[in-house]
Amino acid sequence: APAVPFTLNIPEHVLNAGQTNELVIEVDNSRKAFTYLPLKSSLFAPTNYGGIHRAIFLQALPEDHIQRLTIDGNRSVIDLQTSSSPVIQVQSVVALADSTTRAELTLSVFDPDGKRLGGNSWQVDPTAESNPLILDYSIKLSDVSFWRPLKAHHYRIEVSLKRDGQIVDHLTRNFSFRNSAALFDSTAANLIILSRVAHWQQSGAAPSKSQLDEDLNLIVDSGVSYIRSAFFPPHPYIIQACDSLGIGILIETPAFGLSESLFFNSHISSANNLYFRHLAEIAAVHPAIVALGWGSELDTEIFPRLIAGQYHKPGLEKPIFQYVHTCGTESAPGALHLFASNSDQSITPLITLPDLNLNRAANIGEEFETSQADLLTWLASQPAFKDGYVLSDFADWTRDRMIMSNHPDQTPYLFSTGLVDDFRRPRLSFYRFLELQTSDAIEESTEPVKAPHEPPWEFLVIGLMGTAVGLVLLRLDNLFRLSVKRSLSHYHRLIIDIRERRFLLGLLSAFLLILTCLGMGNFTASLLNGAKNSLLADALSEHLIPTDAVLLLIHSFAWIPYQGIVGMTLLCLLLAHLAAFIIKLGGNRRSPLNINQALFVVSWAALPLVLIMPLSAVYLRLATMPILQLCAVIIGLLLLIWSFWRLLRALTLLYETSALKPFLIGIGVPLTTLLGYLLFLHFSHQSLYYISFVSNLAH
């Protein structure tokens, strides 16, 4: 067990003697570079479990207590090939306080039906030479019952420590017998494995018991014998429940989506072996854990070499079954490849199950049943389907917070209450699928032709409408047209007129500012919407913005066009008013500006940004032509620089000094703030290593 590197003085009045006292301590368990995989990323997992934050659980015990109870070398799972008569070795370690009163230790062994099979009792003398005292006991069992899926047989050992006839400590330990070779039968039909995605909170806190109970209800209702608990580590509550329910678990390391070159990187390989060792330790005490593996997008031909090269290392306990779960693409669905480990350190391919990705077929409305039938028909035609399938993609079983997908070959998506998840209804989709599977024979159908992906139309409509309004205004309003021409040719005179209160286009200036901010908001929102397809942007956003509320707000802009357009437009208007406020404070004291005049200066300084409106309309439509998209971004940046340069010229005229002061205020302060934030992230979250790691992975 890991040692706690500190001591705690706990007041006696907070402890309940004779009962289990649990103390929960939250610690910042920061990882050093090149030792652990950086996991604060949806590229590896929807949330940050198994990474930076942890909780340590300590147990406050009475002075006289049972220190340890071990079975066959601290194992809870005993592998047997037959149900012959095994001999079980039990060891108890008892610690007593300095006292002259003798204590009594009682040990009993019970079968799965609760029948007492045997036991022993010792009189413990608390002398210095024998404290703590080690007591050994062995028992021979006959015709043992094996733990197997849907038949969870557990044996139980109970140990009680008495002082003066009163029980001062009591410990219960379960153990099971399992014939691992018979867990997976390659000839058995209809082996269904349900993929369950763990959902640790990003702050490090575990999900609530009600959330986990919902997961268990869905697993039990499915009637499956096995689940794949994607991502690391599986929640202890789920593992213990599967132990009791008789549901086999396939668990994996967090090396999801790694390429071959990254997988064989020495640092990553070392970290992955560390995680695999931890999984093997968990599997040694939980009979429900039947296979260890990882998710990958690698070529299936190199799986045997990877498994043999990565996990058959000295001192690393070898599991009986290992697997690789491939991601799959739209044309070739993923699959689960199961391997059996042999005594000669070799592995044998056992079975390959196709991955039925339910979310890919879960269309909205009346098309749901048709799409499900088409997908199930296609699977039925595959050779491997007769042996079963893997049902996956349930990252959104719970809906109370943001959860992101992690498939490297798919567009990342966001689930949260009030957003996408409310109309996707993954639970309803799952139960409908179960009804479909148990219904009459499926009629043959052809796979529907998928419509090409169309970008959101909102950006196009807003961009074209804004462009049309600007052109109509220039065509019909002669005074506005002359003012625009004057702003581009006699900018110095225009700023002087605004300062001297000889500029009268107040309403049109305000309208121009709104039109400019709408164009910038539309263009920025379209950039965010396009960035949601970038795995690098997706991964870095969770790291650079570690606050869930802010990240959810930003992702709302990216996933919902109308919210993005309105939100970014309001943000641009806020920045424009902030710039106007700064201009008002620093203007000429002999001829001060009011806030409206300062807004006029900002409006006409940002006049070139009106040209960004048509760019915002066509940006996402150029997705098939990356060069043109890049040109649109460059043009937008040039227009922004031009507008900023015009604003600096205006500030120079208003301050009647050089442009150095406004330049330092406008550029130096934001850049210094951003640099300070990045330095903070680097020293607190190892940003440089993380960014380089994710960048290499994305490429």
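The values are calculated or read from the model by the stated rules, or taken from the named source; none is laboratory data. Quantities reported herein were computed from a predicted structural model and do not represent experimental measurements. When we count neighbours, we look across all protein chains shown, and the Cβ atoms used for this are built from the backbone with ideal geometry, even at glycine.
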Restricting the first residue to the stretch 635-655 and requiring it to be of a type in the set (Phe, Trp, Tyr) and modelled with pLDDT of 90 or more, which pairs with a second residue that is in a helix (DSSP H, G or I) and surrounded by fewer than 20 Cβ atoms within 10 Å (Cβ to Cβ) meet a Cβ separation below 6 Å and a spacing of at least six or different chains? Trp642/Pro608
Every residue in the stretch 285-301 that is of a type in the set (A, V, I, L, M, F, W, C), modelled with pLDDT of 65 or more and more than 15 Å from Gln240 (Cβ to Cβ), please. Val290, Ala291, Leu292, Trp294
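Can you confirm whether the stretch 140-157 contains a residue that is part of a strand (DSSP E or B), within 23 Å of Gln89 (Cα to Cα), among the aliphatic types (A, V, I, L, M) and at pLDDT 90 or above? Give the derivation first.
So in the stretch 140-157, the residues part of a strand (DSSP E or B) come out as 140, 146, 148, 151, 155-157.
Filter once more, keeping what is within 23 Å of Gln89 (Cα to Cα): 140, 146, 148, 155-157.
Filter once more, keeping what is among the aliphatic types (A, V, I, L, M): 157.
After this cut, where a residue has to be at pLDDT 90 or above as well, the list is 157.
For the stretch 140-157, residues part of a strand (DSSP E or B), within 23 Å of Gln89 (Cα to Cα), among the aliphatic types (A, V, I, L, M) and at pLDDT 90 or above: present.
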Among what's in the stretch 74-87 and is surrounded by fewer than 16 Cβ atoms within 10 Å (Cβ to Cβ) and under 36 Å from the mean Cα position of the chain (by Cα), pick the residue that is nearest to Ala280 (Cα to Cα). Arg75
Odd one out for Glu252 among (1) at pLDDT 70 or above; (2) assigned to a helix (DSSP H, G or I): (2)
Just to be sure before I move on: is Asn190 surrounded by fewer than 16 Cβ atoms within 10 Å (Cβ to Cβ), at pLDDT 75 or above, within 23 Å of Arg148 (Cα to Cα) and not small (Gly, Ala, Ser) in the structure I sent? no
